[in-house]
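Below is one structure, written out as structure tokens, with a few remarks after it.
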Amino acid sequence: MASVAESGPRSARGSDVPRRGDRGGVIVEFAAVVPFLLLALALVWQVLLLGITAMYASHGAAEAARQAAVTPDDMERVDEEARKRVRAPWDGADVMTVEVVERDGSRFARVTLAMPIFLPGASGPWDVTGEARVVTEVEPRGSFQ
């Protein structure tokens, strides 16, 4: 009676030696897949940067709206407080803009950040905007409502 080791599958030539034609196939397949893995990683990284940029735009707009509610005539202070909530390099003068806009009878703080491409600080052609409603505590001096 043959043992289990002797009764295993055999190649076409009848020996237990693996075929040489498959040698190195895994390395070739890995080399073919690596560019796709790197592309997927780059896309995940870009989506992460988009999320961080949107988060900073939202936080900056909320802080600008809080400050605009208290000091509606001091845009420098509103800008300064909004920039405190945003980390570098997103808080740069060429990357971040802060404004208070009026729409439909309400005031909104709007923070716009340049969307980074692959590296924070390397701005792309897109912008991410966050808005927050200003709940007026002190009327602006120029308003007669």
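Computed from the coordinates by the stated procedures, all read-outs in this text should not be read as laboratory data. Keep in mind it's a predicted model, so treat the numbers as computed, not measured. Heads up, the Cβs are rebuilt from the backbone with ideal geometry, glycines too, and the neighbour counts pull from every protein chain shown.
Looking only at residues that are of a type outside the set (A, V, I, L, M) and in contact with a helix residue (DSSP H, G or I) (Cβ under 7 Å, 6 or more places away or on another chain) in the range 88-105, which one is nearest to Leu50 (Cα to Cα)?
Residues of the range 88-105 that are of a type outside the set (A, V, I, L, M), as a first pass: 89-92, 94, 97, 99, 102-105.
Those left that are additionally in contact with a helix residue (DSSP H, G or I) (Cβ under 7 Å, 6 or more places away or on another chain): 90-91.
On the way: Trp90: 12, Asp91: 15 Å.
Ranking the qualifying residues of the range 88-105, first place goes to Trp90.
The set of residues in the range 65-108 that are under 13 Å from Ala132 (Cβ atoms), of a type outside the set (D, E, K, R) and part of a strand (DSSP E or B) comprises Val98, Val100, Val101, Ser106, Phe108.
For beta carbons closer than 8 Å, sequence separation of 6+ or different chains, a first residue in the range 114-130 that is assigned to a strand (DSSP E or B) and a second that is among the acidic types (Asp, Glu), the qualifying pairs are Ala114/Asp94; Ala114/Asp127; Met115/Asp127; Ser123/Asp94.
Screening Ala61 with (1) part of a strand (DSSP E or B); (2) surrounded by 18 or more Cβ atoms within 10 Å (Cβ to Cβ); (3) aliphatic (A, V, I, L, M) gives one miss only, at (1).
For Ser106, the requirement of being at negative phi and touching a Pro at 6+ places or on another chain (Cβ under 7 Å) is not met.
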